[in-house]
């Protein structure tokens, strides 16, 4: 029996929930226990008197995987060699410290864990279809629910992503499944008891959703979805999609293939760039519907006065390796992950009907370190009062950072290179500076 460790640290000072708060994390070998590491969490806020430091001891096999930062909680996910995780939760609105240790039989990965208020959801696979398990980290109560869709083969259902809005315990699942042997894509709305309360079917059927994001609208009962569809390689994508959901109805929807986006592959690796040029020159994207796979992290859509703006950071994984022949005459080769290389930023502007008005591709040329195994955004943008767009490209850094409202960046430690680069674009996507 393994443990899911849910540790709740509660700050002794009263901290307003609307203040900017961040948590820095570090670790070192435990000075007395050689099988454990000592993890330090330093909580920062605008009020210097509210800064607090916490130390927690964990087994060395517990590796940091992912963090979720919200207004009330900061969740830090740790994974051990058996696929079980621990979550550290730091709460900002009470004055005590408590620790909850929960026994769990099911293996987990940090990619599938999703905190939602007092609940922590994670998905499990079975021969009869996916299950959504949820744990109340305060009480230790555990429950499980089946994910089913009417008219869909249950064991074909795959949950590809779980999202939620800030300060909302409702979950939104992107799901790929088969119906009458045809692939289908859905967004499911799940309440905090695991019940499906709404389903939206997306129009694209040949691929599955790789990733997507949710954005609240300025209009009541309306929000936006955008994301990417897979190509031949399931972890890559070859097109993006955008939709508007109003009053629980999918109103506008459009998808756009990377190969048809002007200059999309201009800053790719030379080999990829030549493949794109060959496809376009021979009209293979039309005659054979040929696409080219890539990777992209989607930002949240911004609503404009005359439409919507989509921004995505394109990237590819890098690795280093060696090969040779040993003394026994056996050939060997090895490779190791070296981080994600980000090649460019793609900006797409849509009208209110989801039609593409213009696109812009901007060189990014930044790289994460090898410790970051989950793709993250490497840019930020802001719509100014004069309708211009300020775009910030974030340099390579090993430290954590926070993007402020004015697009300045606060680093936990100094970045590894000269700093940020900023561009300004007019409402038509032309670069001003």
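Quick notes on this one:
- Those residues of the stretch 21-41 which are loosely packed, with under 15 Cβ neighbours inside 10 Å and either at pLDDT below 75 or in a strand (DSSP E or B) (or both), in sequence order: 24, 26, 28, 29, 40
- Between 342, 316, the distinction of being under 23 Å from residue 240 (Cα atoms) and in contact (Cβ under 8 Å) with a residue 40 or more places away in the chain belongs to 316 only.
- Residue in the stretch 325-340 that is surrounded by 17 or more Cβ atoms within 10 Å (Cβ to Cβ) and at positive phi present: yes
- Test set (1) loosely packed, with under 15 Cβ neighbours inside 10 Å; (2) within 24 Å of residue 225 (Cβ to Cβ) - residue 161 fails condition number: (1)
- Out of 229, 267, 294, sole residue that is more than 20 Å from the chain's Cα centre (by Cα) and either touching a residue at least 12 places away in the same chain (Cβ under 8 Å) or assigned by TED's automatic domain parsing to the domain that holds residue 340 (or both): 267
- Output for the stretch 187-210, where each listed residue is within 27 Å of residue 307 (Cβ to Cβ) and crowded, with 20+ Cβ neighbours inside 10 Å: 187, 202, 207, 209, 210
- Those residues of the stretch 265-293 which are part of a loop (DSSP other than H, G, I, E, B), closer than 15 Å to residue 239 by Cβ and out of contact with any strand residue (DSSP E or B) (no Cβ under 6 Å at 6 or more places or on another chain), in sequence order: 265, 289, 290, 292
- So residue 214, is it touching a residue at least 40 places away in the same chain (Cβ under 8 Å), over 25 Å from residue 126 (Cα atoms) and either more than 16 Å from the chain's Cα centre (by Cα) or crowded, with 16+ Cβ neighbours inside 10 Å (or both): yes
- Residues of the stretch 130-151 that are buried (at least 19 other Cβ atoms within 10 Å of the Cβ), modelled with pLDDT of 75 or more and either in contact with a helix residue (DSSP H, G or I) (Cβ under 8 Å, 6 or more places away or on another chain) or in a loop (DSSP other than H, G, I, E, B) (or both): 130, 147, 149.
- Being in the same structural domain as residue 431 (by TED's automatic domain parsing), touching a strand residue (DSSP E or B) at 6+ places or on another chain (Cβ under 7 Å), assigned to a strand (DSSP E or B) and exposed (fewer than 12 other Cβ atoms within 10 Å of the Cβ) holds for only one residue in 322, 343, and it is 322.
The values are calculated or read from the model by the stated rules, or taken from the named source; none is laboratory data. Fair warning: this is a prediction, and the values are worked out from it, not measured in the lab. A quick note on method: Cβ atoms are made from the backbone with ideal geometry, for glycine too, and the neighbour counts reach across all protein chains shown.
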